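Participant: Have a look at this one.
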Amino acid sequence: MTAAIVLAAGLVSCATPHSSREAGPPGPALQAWIYPGSTGEPACGAPAEYRDGRLREGVLKPEYWKVNPEGTLTLHTTGEDAPCNGFSEANAADVKAHSAQQYTTVSAMDRDSVAALVGNPDRRATAIRSMTDLAHRIGFTGVDVDFEDFWNWSEKDEAHYETFLSELSHSLHAAGLKLQVDAPAELHDGDSPFRFAKVMAAGVDQLTVMTYGRVFATPAGEHCWAIAPEGWVREAVAYAQSQVPDADRLVIGLPSYGFAAPDPCDTKKIQDSVPVSELRKRPGWSDDAEVVRRRRDPGSGEIRWSERGVLYDAMDGAAMDARLTLLGRLGVRHVSVWALGGNPWFSRTAGE
C-alpha cells in the first residue's frame with residue numbers, strides 16, 4: 001500500500017499519546033492500516049499508537065494475509081514471519097480491544113500474484129474459505145482486499161477479480177461479515193482496467209480509494225511530484241463520489257508517511273512508504289519552524305527538501321489536519337490512514 005514527527009512547534013510527536021476522535025469535533029470517521037514488520041522497525045510501534053484511544057470508535061485493519069506468487073495465501077503469524085503485528089490470538093484480541101470494527105487485510109502488490117489467485121477457481125475457493133473462517137473465528141468485522149498493480153491488469157484479470165469479489169462477499173455475508181476493497185485513485189472512466197461500478201455490484205460493502213502515490217506518475221527528468229497533491233485529490237474524490245454515491249460506502253485513503261527519491265526523479269528508485277520517524281534521520285532534516293514553513297509545498301501541504309541529490313517528502317500533522325478538513329468539506333464521511341507505525345496523526349482540532 002502505497003505508508004511523525006515534530007516538524008514545527010506545536011505539532012504532536014509520533015511518540016506522544018493522542019486523544020481519541022470521540023473527544024474531538026465531528027468529522028470523517030477514521031480507519032487505519034497496520035502492516036507487519038521486523039523487530040526494531042517503526043511498524044512495531046503501531047500497537048502503542050492505537051492503544052492511546054485514537055481509534056476506539058474507529059476501524060483497525062491489520063494485514064494478516066499475503067498472496068504468494070503462485071496464488072496461494074500465507075498468514076502472517078507472530079514469530080519469524082512477522083515479529084511485529086502478525087496474527088496471533090493475543091494480537092487480534094488487542095486490536096479488537098482498541099477499535100470499534102476490525103478487518104483482516106489481504107495484500108497482493110503485483111499483477112502476476114493477483115492473476116494467479118483470482119483466475120483459478122480452486123485457489124479462489126480455498127482463499128475465500130480461509131479468510132472467512134479466520135475473520136469469523138476471531139470476531140472481526142470482515143476482510144479488506146488490497147490487490148494492487150491495477151494498471152498492469154488485463155480485462156480478463158479484472159473480470160476474474162470481480163468474480164473473486166462476488167464469491168468472497170457471498171461467503172462473508174453468509175457468515176455475518178463485511179467486505180472492504182481498496183481501489184486506485186482515478187480521475188476518469190478507463191484510467192485503469194479497475195471498474196468501480198462492477199466492483200461495487202459484486203457485493204462490496206465499502207470501497208477505499210487510495211488517494212496517494214501520485215509521485216509515481218512523475219515525468220522523467222522532473223522533480224518528483226508530491227504524494228498527494230490537493231488538486232489531484234479533489235478530482236479523485238469527485239470521480240469516486242460519482243461512482244459510489246452512497247457516502248457511507250465510500251472511504252478515502254489519506255497518507256501518513258514519506259518518501260526519498262533521486263532528484264531529478266527516477267520513479268523506479270523511489271523509496272516509498274518511509275515512516276516519517278525514519279526520515280528525521282536523513283540528511284537535511286530540520287525541526288526549525290521557519291525551515292518547515294519554507295519547505296511546505298503549497299500544492300500538497302507536504303514538507304519537501306533536497307539534500308545531496310535526494311528529494312525527501314513527508315506528510316506531517318499539519319498537512320494531515322488540513323487534508324482531513326478538506327475531505328470533510330467535500331462530503332467524505334470515512335477516511336482510512338496509511339499507515340500506523342512511526343507516522344503522524346491528527347490533532348484534536350482536525351476536521352473542523
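Participant: Nearest 5 is fine: what % of DSSP beta bridges in the chain come out antiparallel, could you say?
Facilitator: Numbers: 17 of 55 bridges.
Of all bridge pairs located within the chain, approximately 30 percent are antiparallel.
Participant: How long are the three semi-axes of the equivalent ellipsoid for region 203-259, computed from the Cα gyration tensor as the root of 5 times each eigenvalue, in whole Å, largest first?
Facilitator: On the way: eigenvalues 132, 27, 15 Å².
After scaling each eigenvalue by five and taking roots: 26, 12, 9 Å.
Participant: Related question: Hey, how many Å between the Cα centroid of region 139-192 and the Cα centroid of region 258-297?
Facilitator: 32
Participant: For region 219-352, what is the charge dipole size about the Cα centre, in debye to the nearest 20, if Lys and Arg each add +1 at the Cβ and Asp and Glu each add -1 at the Cβ? Present the calculation step by step, with values, prior to reporting the outcome.
Facilitator: Numbers: 17 positive and 19 negative charges, 22 e Å.
Computed charge dipole of region 219-352: roughly 100 debye.
Participant: So what's the net charge close to HIS76: Lys and Arg +1, Asp and Glu -1, counting the other residues with Cβ under 12 Å from its Cβ? Show your work: numbers first, answer last.
Facilitator: Values: positive: LYS66; negative: GLU63, GLU80, ASP81.
Charge balance in the 12 Å sphere: -2.
Participant: Just the accessible area per residue of the chain, please: how many Å² with a 1.4 Å probe? Before the final figure, lay out the partial values.
Facilitator: Numbers: 13770 Å² over 352 residues.
Dividing the accessible area of the chain by its residue count gives 39 Å².
Participant: Add -39500 (n - 2.57) for each DSSP H run of 4 or more in the chain, then divide by its residues: what number comes out at 222 nm, to the nearest 500 deg cm²/dmol? Please report the intermediate quantities before stating the final value.
Facilitator: Working: 10 runs with 103 residues, N = 352.
-8500 deg cm²/dmol, from helical runs alone.
Participant: Give me the extension gain from ARG129 to GLU80: residue separation times 0.36 nm, minus the current Cα-Cα distance, reported in nm with one decimal. Show your work: numbers first, answer last.
Facilitator: Details: separation 49, 0.36 × 49 = 17.64 nm, distance 2.50 nm.
Here the answer is 15.1 nm.
Participant: Would you work out what percent of the accessible area of region 141-201, with all protein chains in place, is carbon or sulfur (probe 1.4 Å)?
Facilitator: Values: 1190 of 2320 Å².
Carbon and sulfur together cover 51 percent of it.
Participant: Quickly work out the ARG51-to-ASP246 label distance, labels modelled 7 Å from Cα along the C-beta direction, and quote it in nm with one decimal.
Facilitator: Each label point is offset 7 Å from its Cα along the Cβ direction, giving 3.7 nm.
Participant: Would you kindly find the accessible area of GLU290, with a 1.4 Å probe and non-protein molecules such as ligands, DNA and RNA excluded, rounding to the nearest 10 Å²?
Facilitator: Using a 1.4 Å probe on the heavy atoms, I get roughly 80 Å².
Participant: To the nearest 0.05, how large is the calculated FRET efficiency for ASP297 and SER38 if R₀ is 41 Å and r is the Cβ-Cβ distance? Walk me through the intermediate numbers first.
Facilitator: Values: r = 32 Å, r/R0 = 0.77.
Step by step, r from the Cβ atoms, then E = 0.80.
Participant: What Kirkwood Rh does region 234-336 have if only Cα atoms enter the pairwise 1/r average? Answer in Å. Numbers along the way, then the final one.
Facilitator: On the way: mean 1/r = 0.0661 Å⁻¹.
When all Cα pairs of region 234-336 are included, the Kirkwood radius is 15.1 Å.
Participant: A further question on this structure: Largest first, what is the accessible-area ranking of ASP297, ASP133 with a 1.4 Å probe?
Facilitator: Working: ASP297 40, ASP133 90 Å².
Largest accessible area first, the list is ASP133, ASP297.
Participant: Right, another one. Which GluC sites (Glu not before Pro) in region 45-154 pass both tests, a DSSP loop state and at most 11 other beta-carbon atoms within 10 Å?
Facilitator: Values: sites: GLU49, GLU57, GLU63, GLU70, GLU80, GLU89, GLU148; in loops: GLU57, GLU70, GLU80, GLU148.
Filter output for region 45-154: GLU70, GLU80.
Participant: Under the Karplus relation 6.51 cos²θ - 1.76 cosθ + 1.60, θ = phi - 60°, what is the ordered set of whole-Hz ³J(HN,Hα) values for region 152-167, x standing for Gly and Pro?
Facilitator: These are the phi-based 3J(HN,Hα) values: 9, 6, 8, 4, 5, 4, 5, 5, 5, 4, 5, 5, 4, 5, 4, 5 Hz.
Participant: Determine ³J(HN,Hα), in whole Hz, for all residues of region 310-321 in sequence, where each value follows from phi through the Karplus function 6.51 cos²θ - 1.76 cosθ + 1.60 and θ = phi - 60°; x replaces Gly and Pro.
Facilitator: Values per residue, Gly and Pro as x: 10, 9, 10, 9, 9, 7, 10, x, 5, 5, 5, 4 Hz.
Participant: Here's another thing I want to ask about it. Roughly how many percent of the accessible protein surface of region 282-352 is carbon and sulfur, given a 1.4 Å probe and a whole-percent answer?
Facilitator: The value for region 282-352 is 48 percent carbon and sulfur by accessible area.
The values are calculated or read from the model by the stated rules, or taken from the named source; none is laboratory data. These figures come from a predicted structure and were not determined experimentally. Positions of Cβ are generated from backbone atoms using ideal geometry, with glycine treated the same way; all protein chains shown enter the neighbour counts. Note: areas computed on protein heavy atoms with side chains; ligands, DNA, RNA excluded. Shrake-Rupley method; radii C 1.70, N 1.55, O 1.52, S 1.80 Å.
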